[in-house]
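Below: one structure, written as structure tokens.
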Amino acid sequence: MKLSDDKKLDIWKIPLYKIYTDDEDVDTITRIIKRGSRWAIGPEIEEFENALKKFIGVDYCLTLNSGTSALHASLIANSIGAGDEVIVPSFTFISTANSVVNSGARPIFSDIEKETLGLDPLYISEKISSKSKAIIPVDYAGQSCKIFEVMEIAKKNKIKVIEDAAESLGSKIKGRKVGSISDSAIFSFCGNKIITTGEGGAVVTNDKTVFEKIKLIRSHGRQDPVNYFDNPNQSKHIETGYNWRMSSITAALGIAQLSKLDMIIDKRREVASKIISNLTKFPEIITPKPSTDYFHIFQMFTIRLPNKQRRDDLHNFLTGKKIFSKVYFEPVHKTSFYSKYNKLELPQTEQISEQVLTLPLYPNMTKDEIYYLTNSISEFFED
């Protein structure tokens, strides 16, 4: 018998994540559906964008249909293409590198540091060449990378910083919101993110030129004074582009989710604190320990084990307990496609990728779930 997706979810006593949702989300989407028009391009899109740019503290925001589209569009808007190089981490979701390749440029992988698991500023300068046009630092698991140091290097070399903040909406460094420091930043609203619209993404920037270009890129290069579906005249297409728009239904859900973001973050941080307090007695486990400069939102809760064997043993043990854990991330430069691109070694990336294991964490995680998770880990180490 083939299991439905819902039945597959029931297999896990503790899933990796659960979406935080309420009646407001349902009512908001229902209202848009019932009006019977403007499901694709309606006022909710601009409303969501305005709310996001106000939250981050930037001049411009554009929503798109995914974080990957947002990153790809940002590269195109910065005129990055064939013959150019973009410095990226290998310790990331593969879309970071894919967006560079799909723009026609070449990803140059650089190593990470152990504090934030973001790009190590010490190695970035070694990777810069006459072909370098941008750096894409990644904010891992809900914590900022060392973005101030990255920006300093970029300014010195006159290249752009396009921050992949897909996992870090609401996190801060030295009191400033992630996304407000780099030249541009992207966020994702995929199902496992801090807030979600199912799929979706956004670009934030203070650069008006980038903003205007992405407006064209996300909608077939179309420049219309009014909504396409409200315009009886022929459209004016002044560039090539893609169908990367976010729908009104998606944006409406984003507005409802964003209104709960601070509460969701508070709950995630509270759960993380409880899990950490229960795991500190195990010397083999390195739990997240952000310094006072960093405000971690715990989009993921990732621990580190001494080595790959120990990590894999714990992963398999938890699977046997019906607790979902996952490795985030395997090195991108070691994948079959990218290993052809760059024959290189990234010692920190490779070591950390063999140590990391992401554990379940979600805002409405119950005391019983936290106990079952941490007690199962205790069983593993005390066996």
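Suppose we keep just the DSSP beta bridges with both residues in the range 23-258; what percent of those would be antiparallel, to 5?
50 percent
List the lysines whose Cα sits under 22 Å from the Cα of Lys172, skipping any in the same chain fewer than 8 residues away.
The reachable lysines, counting only those whose Cα sits under 22 Å from Lys172, are Lys53, Lys54, Lys114, Lys146, Lys155, Lys160, Lys193, Lys260, Lys267, Lys274, Lys289.
Would you work out the charge dipole size for the range 164-212 about its Cα centre, treating the Cβ of every Lys and Arg as +1 and the Cβ of every Asp and Glu as -1, and quote it to the nearest 20 debye?
Dipole magnitude for the range 164-212 comes out near 340 debye.
Just from its helices, what would the mean residue ellipticity at 222 nm be for the chain, if runs of 4 or more DSSP H residues each count -39500 (n - 2.57) and the sum is divided by every residue, rounded to the nearest 500 deg cm²/dmol?
Mean residue ellipticity, 222 nm, calculated: -11500 deg cm²/dmol.
Determine the gain in length on full extension of the stretch Asn375-Lys127; use 0.36 nm per residue of separation and subtract their C-alpha separation, reporting nm with one decimal.
My answer for the length gained is 84.8 nm.
What ranking do Ser99, Ser339 get, fewest neighbouring Cβ atoms within 10 angstrom at the top?
Ser339, Ser99
Count neighbours as other Cβ atoms within 10 Å of each site's Cβ, and list the trypsin sites (Lys or Arg not before Pro) in the range 1-95 that are DSSP loop with at most 16 such neighbours.
The qualifying sites are Lys2, Lys13, Lys18.
Taking a point 7 angstrom from the Cα of Glu152 along the C-beta vector, which residues in the range 88-113 have backbone N less than 14 Å away?
none
For labels at Ser235 and Glu115 in the simple 7 Å Cα→Cβ model, what's the distance in nm?
With each label point 7 Å from Cα toward Cβ, the separation is 4.7 nm.
Within the range 96-162, report the GluC sites (Glu not before Pro) that DSSP leaves as loop and that have at most 15 other Cβ atoms within 10 Å.
Glu115
Quote the charge dipole size of the range 245-383 about the Cα centre in Debye, to the nearest 20; the model charges only the Cβ of Lys and Arg (+1) and of Asp and Glu (-1).
400 debye
For a quick check, take a GNM of the chain with Cα springs below 10 Å and name the residue from Val327, Val26, Val271 with the largest mean-square fluctuation.
Comparing Val327, Val26, Val271 in the GNM, the peak value goes to Val26.
Give me the three principal axis extents of the range 201-295 from the C-alpha atoms, as integers in angstrom, largest value leading.
68, 25, 22
Which ordering of Cys145, Cys190, Cys61 is given by a fewest-first count of other beta-carbon atoms within 10 Å?
In order of increasing Cβ crowding within 10 Å: Cys190, Cys61, Cys145.
To the nearest 20 debye, what is the magnitude of the charge dipole of the range 23-258 about its Cα centre, counting +1 on the Cβ of each Lys and Arg and -1 on the Cβ of each Asp and Glu?
The dipole magnitude comes to about 500 debye.
Relative to the present Cα-Cα distance, how much length would full extension add between Asn243 and Asn206 at 0.36 nm per residue of separation?
Length gained, Asn243 through Asn206: 11.0 nm.
Specify which labelled value, from (i) 49, 20, 19; (ii) 34, 28, 18; (iii) 37, 26, 17, agrees with semi-axes √(5λ) of the Cα gyration tensor in Å derived from the coordinates of the model shown.
Read-out from the structure maps to (ii).
Just to be sure I understand: with springs between alpha-carbon atoms less than 10 Å apart, which residue in Glu49, Glu345, Glu167 has the highest mean-square fluctuation in the Gaussian network model of the chain?
Among Glu49, Glu345, Glu167, the largest GNM mean-square fluctuation belongs to Glu345.
Between exposed chymotrypsin sites (Phe, Trp or Tyr not before Pro) in the chain, where DSSP calls loop and at most 14 other Cβ atoms lie within 10 Å, what's the longest gap?
Longest gap between qualifying sites, sites excluded: 13-336.
Name the residue farthest towards the positive end of the dipole of the range 271-382 from the options Pro331, Thr358, Gly320, assuming +1 on Cβ of Lys and Arg, -1 on Cβ of Asp and Glu, about the Cα centre.
Pro331
Relative to the present Cα-Cα distance, how much length would full extension add between Ile19 and Val101 at 0.36 nm per residue of separation? The partial results should precede the final answer.
On the way: separation 82, 0.36 × 82 = 29.52 nm, distance 3.16 nm.
Once the chain is fully extended between Ile19 and Val101, it gains 26.4 nm.
Between Pro288, Pro360, Pro43, where does the largest GNM mean-square fluctuation fall for the chain, given springs only between Cα atoms within less than 10 Å?
Highest fluctuation of the listed residues: Pro43.
Taken together, the values in this text are just the output of simple stated rules run on the coordinates, not laboratory data. Values in this document were obtained by computation on a predicted structure and should not be read as measured data. Cβ coordinates were reconstructed from backbone atoms using ideal geometry, including for glycine residues, and neighbour counts include every protein chain displayed.
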